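Scroll down for the structure; my scribbles are underneath it.
The values are calculated or read from the model by the stated rules, or taken from the named source; none is laboratory data. This is a predicted model, so every value here is computed, not measured. A quick note on method: Cβ atoms are made from the backbone with ideal geometry, for glycine too, and the neighbour counts reach across all protein chains shown.
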Amino acid sequence: MFLIHNKSITTFSIATLLALTLFVSLIGCDGGGGGSGPSGGVASDGYVIGFSNFGVGNSWRVQMEAEFKAGADKLKSNGIIKEYYMRNSGGDIAKQIGDMRELIAKKCNAIIITASSPVDLSPVCEEAMAAGIVIISFDNYIATNKITAKVGIDEVEFGKYGAQWLVDKLGGKGSIIILNGIEGVAVDTMRSEGAQSVFEKYPDIVILDEIHAGWDYAQAKTAMEGFLSKYPHIDGVWSQGGAMTQAALDAFIAAKRPLVPMSGEANNGLLKAWKKNLENGFDSIAPCSPTSMSVDALNTAIKALDGINVQRNTVISLPVITRDTLDDYVEMALPDDFWNYTTLTAPQIDALYKK
């Protein structure tokens, strides 16, 4: 179950919790139904689980991995998991393929994967399925549908949401900058497709420039400084990530340029900067890909192993922070890197961020 982090860390909205735990099948998924696991019931001594992560190159991925570990530890303490193995390929496609083969060799009952390449990781995932292993793809999906399930938010909708908000803020016309994530990664592609599907409906929205800034503050700051030097007039920014939006805002402030609407994502750095600059006329919107998605992928794997039918394509409801709900989620005492939708407990958050 999702726990939504808010001002008190331990106080949650029950209605929202229920909404966020709802899984619905994607329109157009192949056959609609997913697979159940090969075991058809709880292993007498617990399951062996593998986790294949393509990297921890930004704070979202660090927290996402911590969420998985916390969730797996809890299942292990309850006897549901016997052992779990976590592998990180550091963005190396060949290494992640090797990691997957190692997890197969360890006779994992299930492997949860966030892929460095949708196409290149597909064959080894199909190999694992052929070996009777449950495969759950989340976050950066693999291309093949010959797996147990794909779990995550609707990333196309994420892109659309921020783009439509920006268009509405600009009254349907204006010159904008686009800040994308990591080129070639599935999430980047889907969010971009969603945004472009909105912008193409408005001929008076002019895209001045765009760049892949890796969901990274430093890269986005450098890029925006260049854009501010190049373009004397910028009306808005569509950004795929919170740290990139925070960087763009800081670049505007440093350049003494009027603040403009910028879409973002729900990480604490942006939320803090947003709150601090409300009186200066800054506004944003922050849909969120919860870092707890890794836990949902893990729980989906356990369901499949228990013989429960799971949807081949499942979508987690998209959480969105607005100006009206900003105060409910911003944590001024926590670091910028913290992500505000989480299943981590207060002590776990402290252990991760207050080192």
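Does Ala351 fit the bill of being under 22 Å from Ala266 (Cα atoms), part of a helix (DSSP H, G or I) and either within 19 Å of the chain's Cα centre (by Cα) or free of Cβ contacts under 8 Å to residues at least 40 places away in the same chain (or both)?
yes
As a summary of the residue check, Glu126 satisfies the conditions (1) assigned by TED's automatic domain parsing to the domain that holds Gln96; (2) within 22 Å of Met244 (Cβ to Cβ) except for the one numbered (2).
Selection of segment 165-195 for residues being of a type outside the set (D, E, K, R), out of contact with any strand residue (DSSP E or B) (no Cβ under 8 Å at 6 or more places or on another chain) and touching a residue at least 24 places away in the same chain (Cβ under 8 Å) yields Gly184, Val185, Ala186, Val187, Met190, Gly194.
In the set (1) assigned to a strand (DSSP E or B); (2) more than 19 Å from Val156 (Cα to Cα), Ile178 fails one condition alone, (2). For segment 304-348, the set of residues classified as out of contact with any Phe, Trp or Tyr (no Cβ under 7 Å at 6 or more places or on another chain), surrounded by fewer than 19 Cβ atoms within 10 Å (Cβ to Cβ) and not in a loop (DSSP other than H, G, I, E, B) consists of Asp327, Asp328, Ala346, Pro347, Gln348, listed by residue number. Being at pLDDT 95 or above, in the same structural domain as Leu298 (by TED's automatic domain parsing) and in contact with a Phe, Trp or Tyr (Cβ under 7 Å, 6 or more places away or on another chain) is a description that applies to Ala110. Restricting segment 246-272 to residues that are free of Cβ contacts under 8 Å to residues at least 24 places away in the same chain and within 20 Å of Val167 (Cα to Cα) leaves a set whose member that is surrounded by the most Cβ atoms within 10 Å (Cβ to Cβ) is Leu259. The strands (runs of 3 or more DSSP E) falling completely within segment 65-149 that include 3 or more residues that are crowded, with 21+ Cβ neighbours inside 10 Å and not small (Gly, Ala, Ser) map to 110-114, 134-138.
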